[in-house]
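Asks: Before I ask anything, here is the structure I am working with.
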């Protein structure tokens, strides 16, 4: 039987590869983006309560009304926004499913989608499997700023969507209000949609504010914004998130969602509806994660790794060029095998494989793990084919 792949160049993700290597070598795993500490006991108990109470059949396709109301309230608390929970919010099986549904609903064969790279690895395959054409703008270290004039030069009559991510994985950078205004100006008077991946909205540091597309009227009217409770509340395995979009866009989004997933785990939805009533559950997160970021930076200040700016997410990037001139994929494998530490090579986030000798470390870990990682990395002196 002949099989013609729609994604012939897609293999196992770098996250799976590095985590498997970390397990094989018993390495400290700062590669894949998940916490190694538990979710809130209160939230876990709420899920168990609703499981035992028998809320185990299908939830409504858009999500429980009580949870959607709390999501709308959160948008009001965070950004002063009025969001209609009935028409503008859909609960999804994680943000990745929301991203896929947004792309599948609006990208037709031959449509162009502008992606800012380095980029989370689900964007491009979702575009390609739906017949779209990814058009790449490459950001540059150390700041990974966006030149919107250069992005503008990529726009053609075939441009259907621009995908942004703030706070940004893998770089830890954030888009400022000036960036959003530039994007708003770029898209005004066009049919271009904006897909905004905002899963790290609460993980933002040094007193800065998250600039959601929802804050800007000219962007809100053309944007689908996606979010993740898994990233927010330390339970990535629960795979629950949501999308906010204006009614005319949400109508099309739900057409795909209802046949892609239909409904999301009901007991967890009930639990989150209760849990979100206390705004401190998410408002306390910037200080919580900034402490972890600062601990990792402190642990590595005497190492030969040079930190790049980190304003958000739970990732920090490091330039290792003072240690080695080897490609980042080779360097990260060596780190695991010789120093017991797993990281992610940032070249994996560029379609071109652009290699700037930068690795990504996840600091969503316990203090003990971060101190152990610091000790391991301070011992990394040089790599020129072998440890020396």
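The values are calculated or read from the model by the stated rules, or taken from the named source; none is laboratory data. Not measured: the values here are computed from a predicted model. No Cβ is skipped: glycine too gets one built from the backbone with ideal geometry, and neighbour counts run over all protein chains shown.
Asks: Given the residues 255, 251, 231, which is the only one that is surrounded by 18 or more Cβ atoms within 10 Å (Cβ to Cβ), within 30 Å of residue 180 (Cβ to Cβ), out of contact with any strand residue (DSSP E or B) (no Cβ under 6 Å at 6 or more places or on another chain) and in the same structural domain as residue 75 (by TED's automatic domain parsing)?
Replies: Exactly one residue qualifies, and that residue is 231.
Asks: Shifting gears a bit: Filter region 107-146 down to the residues that are part of a loop (DSSP other than H, G, I, E, B) and closer than 18 Å to residue 309 by Cα and list them by number.
Replies: 118, 119, 139, 140, 141, 142, 143, 144, 145, 146
Asks: Take the residues in region 273-319 that are in a loop (DSSP other than H, G, I, E, B) and without any contact (Cβ under 8 Å) to a residue 40 or more places away in the chain, then tell me which one is nearest to residue 382 (Cα to Cα).
Replies: Filtering region 273-319 for residues in a loop (DSSP other than H, G, I, E, B) gives 276-279, 284, 300-305, 308-311, 313-314.
This time we only want the ones that are without any contact (Cβ under 8 Å) to a residue 40 or more places away in the chain, so: 278, 284, 301.
Numbers: 278: 49, 284: 39, 301: 16 Å.
Among those residues, the one meeting the criterion is 301.
Asks: Let me ask something additional. Does region 133-144 hold any residues that are surrounded by 15 or more Cβ atoms within 10 Å (Cβ to Cβ) and farther than 18 Å from residue 112 by Cβ, and which are they?
Replies: 139, 141, 142, 144 - these are the residues of region 133-144 that are surrounded by 15 or more Cβ atoms within 10 Å (Cβ to Cβ) and farther than 18 Å from residue 112 by Cβ.
Asks: Return the residue satisfying two criteria in turn: it lies in region 189-208 and is free of Cβ contacts under 8 Å to residues at least 40 places away in the same chain and within 13 Å of the chain's Cα centre (by Cα), and of such residues it is surrounded by the most Cβ atoms within 10 Å (Cβ to Cβ).
Replies: 196
Asks: Yes or no: residue 130 surrounded by 15 or more Cβ atoms within 10 Å (Cβ to Cβ) and more than 19 Å from residue 198 (Cα to Cα)?
Replies: Yes; evaluated as a whole, the condition is true for this residue.
Asks: If a residue has to be in a helix (DSSP H, G or I) and either under 17 Å from residue 46 (Cα atoms) or modelled with pLDDT under 95 (or both) to count, how many in region 237-259 make the cut?
Replies: Adding up the residues that qualify gives 2.
Asks: Further question: Just to check your reading of the model, which residue among 326, 277 is farther than 27 Å from residue 206 by Cβ, touching a strand residue (DSSP E or B) at 6+ places or on another chain (Cβ under 7 Å) and surrounded by fewer than 20 Cβ atoms within 10 Å (Cβ to Cβ)?
Replies: 326
Asks: OK, next. Considering each residue of region 223-236, count those that are within 13 Å of the chain's Cα centre (by Cα) and in a strand (DSSP E or B), and give that number.
Replies: Qualifying residue count, region 223-236: 4.
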